[in-house]
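Below is one structure, written out as structure tokens; the observations come after it.
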Amino acid sequence: MAIKTIILDFDGTIADTRKSIILSIQSSLAEAEMQPADEEQIKAYIGLPLKDILKKIADIPDDATMEKLVAIYRKRYNEIAENCVKLFPNVMRVLDELYQKGITITVASSKGRGALLLLLDKLGVRDYMTLILGEQDIHHKKPAPDMALLIMEETNSKPDETLVIGDTIYDIAMGHGAHCLTCGVKYGYNSTAQLKSEQPDYLIDNFSELLKIVN
């Protein structure tokens with residue numbers, strides 16, 4: 001069956017946000033006077049919701065501390081990301097071609113909704129998106145299938161005509177949980193070996209390869 005809907009991750013899939021995430025977390029920990037985290041620590045968990053990343057890398061004693069740290073991060077990220085986030089090669093061209101083909105393009109991201117919309121606007125791709133979900137839009141976050149299930153419900157799409165595209169095992173697991181087709185991108189934040197461990201239907205080296213899959 002032909003692919004009618006694609007569900008895109010944001011960080012590490014269509015946009016290179018590694019530097020912005022790492023710098024924002026390190027800056028937030030410093031402002032909160034908490035133990036610092038190095039780049040490798042943070043990088044290992046990119047793709048999870050923010051609170052899950054913070055739980056992995058920081059000793060957070062209570063919910064109040066977590067909420068304070070998240071608030072600092074949101075402010076810092078919006079300041080930092082504006083100048084250092086960019087689209088990966090060929091993303092704009094491919095999104096335009098997919099859009100022209102009449103394929104429904106959606107986003108399912110662990111990023112906060114405010115930052116997500118801000119960056120999609122800044123990068124000039126928001127108009128291609130039929131539906132955009134950030135971490136506040138769903139209770140059970142990646143790797144749970146809920147985001148993909150909601151997108152299929154809202155777009156009236158069937159699993160075998162829906163392709164989930166992401167750079168982490170959490171994206172692929174979400175797609176599998178919703179019984180969608182899945183595609184891992186090798187240039188993001190998880191290794192090829194990690195992606196293969198989740199057995200995606202497709203693996204690509206460059207975003208432009210999506211056109212072959214869809215065609």
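The values are calculated or read from the model by the stated rules, or taken from the named source; none is laboratory data. Keep in mind that what you see is a predicted model, and the values were worked out from it rather than measured. Because the Cβ atoms are built from the backbone with ideal geometry, glycine has one as well, and the counts that use them run over all protein chains shown. Each accessible area value is taken on the protein alone, full model and side chains, heavy atoms only, with ligands, DNA and RNA left out. Shrake-Rupley method; radii C 1.70, N 1.55, O 1.52, S 1.80 Å.
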Filtering the range 118-134 for residues that are closer than 22 Å to Ser24 by Cβ, in contact with a helix residue (DSSP H, G or I) (Cβ under 7 Å, 6 or more places away or on another chain), in a helix (DSSP H, G or I) and touching a residue at least 12 places away in the same chain (Cβ under 8 Å) leaves a count of 3
Restricting the range 28-47 to residues that are polar (S, T, N, Q) and in a helix (DSSP H, G or I), which is most open to solvent (accessible area, probe 1.4 Å)?
Gln41
Which residue out of Ile25, Ile7, Ile21 is of a type outside the set (Lys, Arg) and in contact with a Phe, Trp or Tyr (Cβ under 7 Å, 6 or more places away or on another chain)?
Ile25
In the range 135-154, which residues are part of a helix (DSSP H, G or I) and open to solvent by 50 Å² or more (accessible area, probe 1.4 Å)?
Gln136, Asp137, Leu149, Glu153, Glu154
Looking at (1) free of Cβ contacts under 8 Å to residues at least 40 places away in the same chain; (2) of a type outside the set (D, E, K, R); (3) crowded, with 20+ Cβ neighbours inside 10 Å; (4) in contact with a Lys or Arg (Cβ under 9 Å, 6 or more places away or on another chain), find the lone condition where Leu50 falls short.
(1)
Considering Lys122, Lys111, which residue is of a type in the set (Lys, Arg) and touching a strand residue (DSSP E or B) at 6+ places or on another chain (Cβ under 8 Å)?
Lys111
So Ser110, is it surrounded by fewer than 18 Cβ atoms within 10 Å (Cβ to Cβ) and touching a residue at least 60 places away in the same chain (Cβ under 8 Å):
no
Filter the range 191-202 for residues that are of a type outside the set (Gly, Ala, Ser) and out of contact with any helix residue (DSSP H, G or I) (no Cβ under 6 Å at 6 or more places or on another chain); which is surrounded by the most Cβ atoms within 10 Å (Cβ to Cβ)?
Leu195
